[in-house]
Every structure is written in C-alpha cells, then in structure tokens.
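FYI, it's all coordinate maths here, none of it is from the lab. Quantities reported herein were computed from a predicted structural model and do not represent experimental measurements. When we count neighbours, we look across all protein chains shown, and the Cβ atoms used for this are built from the backbone with ideal geometry, even at glycine.
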Amino acid sequence: MIKKTFLTFFAALCVLAAHAQRDEPPLFTFGPKAGLNLSTLVGETRNFSSEYRLGYNAGIFLRFNLGKLYIQPEAFFATKGARLNIDQSVDPNVRTGTYRLSLQNVDVPVLVGLTMIQNNAFNIRIFGGPMGSYNLQGRGVGEFVRDLGSVEAAYRRAVLGYQAGLGVDVGSLTIDARYEGALTPTADWDRVNLGKPRGGLYQVSVGIKIL
C-alpha cells in the first residue's frame, strides 16, 4: 500500500509537469521543494528485519547552471524511519515484536548534476553527491529496549551519506527521484546485540524555480 502511494505521487507530479512551459535556464535559480520519503534501516546483523515507512520532506534548493553541468546544494527537513521486526530474543533487554521507529532530520546534500537531454519542452538530468544529516529527534527504541540508558544515545546525532538520482525539469517545475544511502551508522545498538544499522531511503520531490 505504501509503495503504491509513493509511485502514485511521483506519477502525479510528472503529469502536472507535462502542462508547464520551459524557458532557458538562468545561471542561478532557487526555490522551495517538497515531497515524500520511503525509508528503512539496513542491519548489519540478522537479528532483526526492517520494512519501509512513509515520510515527507520540505525545504529549499539552489542551482548553479554551468552549461550541461550544474551544482545544487539543498537544505530540507525530512521525516524518516522504519518498521522493525524482532522475531527472536537476542538480548534480555530486547522485546520481540514489531515496532515503528521515527526520525526527524535536517538534511544538507550537495549535488553535482549533468543534463542528458535538453530541448524546448523539457530536460532530463542525472545527479549525485554527498549529504550530511543531523538528527533532531528519534523515537521508538524505548518501546523494544528495556534498559538502553539514554534513548537519545541510541541514534547517531550526525550521519554522512550520499544521494543519487534522476530529475526532470519542465517550465518552472523541477522533479527529482533519488536514492539516499548512509556511509556511517544511523543508530548504535551494539550493547543489545542489534548492531549499527544504516539508513536507506527512496525520495521523490517537486520544486518550483523562483528565478
């Protein structure tokens, strides 16, 4: 159901963009952007499994156009998380069951892109680059771990990662579909034998170019 909602949202954005008109890109542009996230946690052990959860993102982007190349830093608020399944007891302090984890982050990716197709109607881009993520708040660990000390310490405050994806520009609309991976752990659950899982995320967003 979540995956269908995610794909339907992306298809709706593409249909909306098809009715826009396109001008030549200026040297510099910026604007707001918002969209949906489909996130999970990837464990380094087999002591739990994780399913995707739906979230959202909202923020701003800046784009510096350099011919077919461009540089695009962004800053946005994002809700992430996972549906965690613990089927067997791996530690006396861990409860079995299914739990919902949630994170609230500020993400700052710096992307480098290349315009692959450009004409009077639209352009198609590929992009990728590093990302820094700052965890504002994490919830859910306290429900399945009886004695973790500080629950806040269960999540890493800062995470380094990367993003890569495909974009379409039509008129003043810019639409992106991307994958986000973590290069450093999102959480530290070694003390309860659940390892140090990393985040994984699929994201679609639509932005409006003000300039």
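When you scan the range 92-101, do you find a residue that is more than 22 Å from Leu41 (Cα to Cα), exposed (fewer than 14 other Cβ atoms within 10 Å of the Cβ) and not acidic (Asp, Glu), even just one?
For the range 92-101, residues more than 22 Å from Leu41 (Cα to Cα), exposed (fewer than 14 other Cβ atoms within 10 Å of the Cβ) and not acidic (Asp, Glu): present.
Between Leu114, Leu101, Leu166, the distinction of being under 23 Å from Pro32 (Cβ atoms) and in a strand (DSSP E or B) belongs to Leu166 only.
Which residue is farthest from Asp91 (Cα to Cα), if the candidates are limited to the range 182-211 and must be hydroxyl-bearing (Ser, Thr, Tyr) and assigned to a strand (DSSP E or B)?
Among them, the one singled out is Ser205.
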